[in-house]
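Take a look at the structure below.
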Amino acid sequence: MAKLHDRVAEVQERIRRRSAASRIAYLDEIMMMRQSPDSNRRQISCSNMAHAAAGAGLDQANVLGMADELKPNIGIITAYNDMLSAHQPYEAYPQIIRAAARAAGATAQVAGGVPAMCDGVTQGRPGMELSLMSRDVIAMATAVGLSHGVYDAAICLGVCDKIVPGLVMGALAFGHLPVIFAPAGPMATGIPNVEKAAMRKAFARGQASRNDLLKSEVAAYHGPGTCTFYGTANSNQMLMEIMGLHLPGAAFVHPHDDLRHALTVAATNRMVTLAKDAAAKGIGEMLDERSFVNAIIGLHATGGSTNHTLHLPAMAAAAGIQITWQDFADLSEVTPLLARVYPNGSADVNHFHAAGGIGYVMRQLIDAGLMDSTAASVTGNNINDHAAEPFLQSGRLIWRSAPIESGDDAILRPVANPHNANGGLKILSGNIGKAVIKVSAVAPKHHVITAPAAVFTTEAEVKVAYESGALKRDVVIVLRAQGPMANGMPELHSLTPLLSNLQDGGYQIALLTDGRMSGASGSIPAAIHVCPEAVDNGPIGKIMDGDMITLNAVKGTLEVAADLSSRTSMALPSMPLQRGFGRTLFTSMRQHAAIAEAGAGITLLETK
């Protein structure tokens with residue numbers, strides 16, 4: 001086993017020290033739950049158990065525990081809906097899981113459903129203001145499902161943006177239970193992502209009709225499964241692999257492949273085995289600082305979603321572990337970029353998987369000492385098990401070692417010859433505050449931008465300015481009042497085609513915002529997640545049109561050349577109440593949101 005890189009070991013140790021008190025308190029909570037009579041189905045009243053088993057059909061007697069031996073009961077938390085393509089395959093999963101559990105001498109029940117919204121549908125619309133806050137709703141809904149106390153382990157069914165982080169956070173609230181994630185896989189490859197992006201830009205320029213655009217989008221998103229670009233959804237799947245919460249190699253197998261079915265059955269069997277083992281680790285014990293540092297390393301090495309600078313701190317806090325953006329920045333310096341997947345390249349996740357996929361990446365990182373192979377896995381061993389690929393051999397599920405060589409150097413490269421020497425995510429800081437930038441798809445000539453500010457408070461205002469031609473110049477577009485306290489921190493990805501057109505026109509363009517730009521942020525330098533946000537007395541709220549701003553992704557700085565001390569801050573009471581489209585229901589969540597660096601959620605308040 002390779003010696004762990006000094007920087008990785010250093011970050012692990014400081015997280016361990018920083019989190020000592022909160023982690024001990026969390027582990028004590030797990031021990032309390034494990035020892036509580038409320039965790040033992042044999043001690044639940046007959047009336048309570050009758051309610052739990054009434055709908056179990058053939059499994060009713062076994063759920064009740066009337067048999068001589070109490071059989072394990074597996075709780076299923078599902079994010080199924082058939083509006084979200086990545087989650088549509090989950091419709092049949094409960095039947096598969098129940099049948100597999102029965103064959104393994106156990107039972108399984110759908111413990112609860114969680115909401116699963118699609119950011120692709122809500123981009124640029126009021127629904128996007130509910131998006132980030134839905135992560136906390138999902139965490140709470142997961143906890144509600146598991147709160148019935150009749151489950152010995154759980155299987156979580158979720159893929160996309162806020163869903164997986166929310167499921168992890170909710171499962172960690174029942175950290176004494178073994179938990180596995182069963183993915184659904186990506187849709188088949190449609191038109192090339194570069195062609196899709198070109199059509200979007202043509203539409204933004206008025207050179208393509210809406211019908212042309214619709215045909216292109218339907219050809220790109222054309223069937224069940226995850227969208228094939230490397231945004232937050234597929235970054236989630238990478239994280240679940242690297243954190244050991246999937247069976248090895250499960251992430252990117254197509255939804256209706258026989259191998260996918262076999263992996264779902266095997267995931268069920270694994271939970272049954274763990275449920276029968278009194279010494280098995282619960283998810284809260286399994287995930288520790290090694291798991292989260294490995295996750296950050298994987299994010300950098302693959303050019304993953306910027307959204308995980310919000311989600312990973314929130315997920316870690318749910319386990320009593322405190323990580324900061326400085327941890328991300330320090331690990332980025334030593335992590336090479338091994339993968340180029342759209343929008344950081346032309347390949348999609350199917351090409352990535354075929355070229356070697358997550359197994360190849362993990363093998364490279366472990367062998368280079370950049371990933372701690374001692375971190376635990378649901379396999380019962382450690383994440384060395386995940387440097388592997390699943391196959392069907394005569395109908396039987398087997399694993400083989402991940403490839404040593406990349407199948408395509410344009411997509412995947414070894415640590416010895418990476419695409420870039422450093423990770424795709426960086427942290428910026430200066431007199432505007434802290435921000436996140438993803439540079440893996442940004443040309444080096446755009447890594448340093450100095451230009452006057454053009455200040456806006458809504459996406460609509462930016463689009464009007466674009467249509468009028470007012471942005472055809474070197475400019476830093478400052479879009480503020482988009483943070484978690486202001487309006488829920490929506491993604492601003494609908495601006496990407498406009499900004500790309502301006503950059504293609506030869507202008508120096510950058511975006512500065514306290515909002516999000518999504519896991520699909522691409523070739524435009526974008527300083528996002530700025531904190532403190534505008535309505536929290538943040539300097540971004542004091543910037544005025546014409547102020548000179550310098551974004552330097554090389555040095556990691558973000559500065560405005562103006563004296564802001566005498567200027568008035570934006571204030572939360574000055575924000576208009578978001579009414580209609582469900583936004584009023586989230587008023588309290590916005591008002592109590594944590595800062596972006598702490599995850600921008602309310603479920604973190606108890607861990608501060």
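Summary of values
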| quantity | calculated |
| --- | --- |
| Hey, residue 340 among the charged types (D, E, K, R), at pLDDT 95 or above and either closer than 30 Å to residue 192 by Cβ or in contact with a strand residue (DSSP E or B) (Cβ under 9 Å, 6 or more places away or on another chain) (or both) or not | no |
| Residue within region 444-459 that is without any contact (Cβ under 8 Å) to a residue 60 or more places away in the chain and within 26 Å of the chain's Cα centre (by Cα) present | yes |
| Odd one out for residue 128 among (1) more than 20 Å from residue 314 (Cβ to Cβ); (2) under 22 Å from the mean Cα position of the chain (by Cα) | (1) |
| Selection count, region 146-176, where residues are buried (at least 24 other Cβ atoms within 10 Å of the Cβ) and assigned to a helix (DSSP H, G or I) | 10 |
| Yes/no for residue 406 being part of a loop (DSSP other than H, G, I, E, B) and either surrounded by fewer than 17 Cβ atoms within 10 Å (Cβ to Cβ) or at pLDDT below 95 (or both) | yes |
| Qualifying residue in region 480-488 (condition: modelled with pLDDT of 90 or more, among the charged types (D, E, K, R) and assigned to a loop (DSSP other than H, G, I, E, B)) | yes |
| Given (1) within 27 Å of residue 178 (Cα to Cα); (2) at pLDDT 95 or above; (3) buried (at least 20 other Cβ atoms within 10 Å of the Cβ), index of the condition residue 307 fails | (2) |
| Qualifying residue in region 76-95 (condition: assigned by TED's automatic domain parsing to the domain that holds residue 173, modelled with pLDDT of 90 or more, in contact with a Pro (Cβ under 6 Å, 6 or more places away or on another chain) and more than 30 Å from residue 161 (Cβ to Cβ)) | no |
| Residue match in region 502-511 (condition: among the acidic types (Asp, Glu) and within 21 Å of residue 346 (Cα to Cα)) | yes |
| Pairs, first touching a residue at least 24 places away in the same chain (Cβ under 8 Å) in region 47-62, second of a type in the set (Ser, Thr, Tyr) and not in a loop (DSSP other than H, G, I, E, B), C-beta under 6 Å, six or more apart | 59/107; 62/107 |
| Some residue of region 106-119 being farther than 18 Å from residue 178 by Cβ, part of a helix (DSSP H, G or I) and not polar (S, T, N, Q) | yes |
| Considering residues of region 351-365 that are at pLDDT below 95 and part of a helix (DSSP H, G or I) only, the residue surrounded by the fewest Cβ atoms within 10 Å (Cβ to Cβ) | 354 |
| Selected residue [assigned by TED's automatic domain parsing to the domain that holds residue 376, crowded, with 22+ Cβ neighbours inside 10 Å, modelled with pLDDT under 95 and hydroxyl-bearing (Ser, Thr, Tyr)] from 268, 232 | 232 |
| Residues (basic (Lys, Arg) and modelled with pLDDT of 90 or more) located in region 554-608 | 555, 567 |
| Whichever residue in region 524-563 is part of a loop (DSSP other than H, G, I, E, B) and in contact with an Asp or Glu (Cβ under 9 Å, 6 or more places away or on another chain) and, among such residues, is surrounded by the fewest Cβ atoms within 10 Å (Cβ to Cβ) | 561 |
| Any hit, region 188-198, residues being part of a strand (DSSP E or B), closer than 21 Å to residue 264 by Cβ, in contact (Cβ under 8 Å) with a residue 60 or more places away in the chain and in contact with a His (Cβ under 9 Å, 6 or more places away or on another chain) | no |
| From the options 374, 379, residue that is surrounded by fewer than 24 Cβ atoms within 10 Å (Cβ to Cβ), under 30 Å from residue 188 (Cα atoms) and of a type outside the set (Asp, Glu) | 379 |
| Flag if residue 380 is in contact with a Leu (Cβ under 7 Å, 6 or more places away or on another chain), in contact (Cβ under 8 Å) with a residue 40 or more places away in the chain and assigned to a loop (DSSP other than H, G, I, E, B) | no |
| Helices (runs of 4 or more DSSP H) (entirely within region 211-315) containing at least 1 residues that are farther than 30 Å from residue 71 by Cα and among the acidic types (Asp, Glu) | 289-302 |
| Test set (1) in contact with a Gly (Cβ under 7 Å, 6 or more places away or on another chain); (2) surrounded by fewer than 24 Cβ atoms within 10 Å (Cβ to Cβ); (3) closer than 14 Å to residue 8 by Cα - residue 301 fails condition number | (2) |
| Number of the condition not met by residue 60 [criteria: (1) surrounded by fewer than 17 Cβ atoms within 10 Å (Cβ to Cβ); (2) polar (S, T, N, Q); (3) within 30 Å of residue 492 (Cβ to Cβ)] | (3) |
| Matching residues in region 85-99 - criterion: being assigned to a helix (DSSP H, G or I) and farther than 13 Å from residue 262 by Cα | 88, 89, 90, 91, 92, 94, 95, 98 |
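Every residue, every condition in (1) acidic (Asp, Glu); (2) surrounded by 21 or more Cβ atoms within 10 Å (Cβ to Cβ); (3) over 19 Å from residue 537 (Cα atoms); (4) in contact with a Leu (Cβ under 6 Å, 6 or more places away or on another chain), yes or no:
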residue: 427; (1), (2), (3), (4): no, yes, yes, no
residue: 434; (1), (2), (3), (4): no, yes, no, no
residue: 443; (1), (2), (3), (4): no, no, yes, no
residue: 458; (1), (2), (3), (4): no, no, no, no
residue: 467; (1), (2), (3), (4): yes, no, yes, no
residue: 480; (1), (2), (3), (4): no, yes, no, no
residue: 483; (1), (2), (3), (4): no, yes, no, no
residue: 491; (1), (2), (3), (4): yes, yes, yes, no
residue: 501; (1), (2), (3), (4): no, no, yes, no
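Conditions (1) part of a helix (DSSP H, G or I); (2) closer than 30 Å to residue 257 by Cβ; (3) in contact with a helix residue (DSSP H, G or I) (Cβ under 8 Å, 6 or more places away or on another chain), marked per residue:
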| residue | (1), (2), (3) |
| --- | --- |
| 398 | no, yes, no |
| 416 | no, no, no |
| 423 | no, no, yes |
| 427 | no, no, yes |
| 440 | no, yes, no |
| 451 | no, no, no |
| 454 | no, no, yes |
| 462 | yes, no, yes |
| 471 | no, no, yes |
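The values are calculated or read from the model by the stated rules, or taken from the named source; none is laboratory data. Treat the numbers as computed from the prediction; the structure is a model and nothing was measured. Using ideal geometry, Cβ is built from the backbone for each residue, glycine included, and neighbour counts are taken over all protein chains shown.
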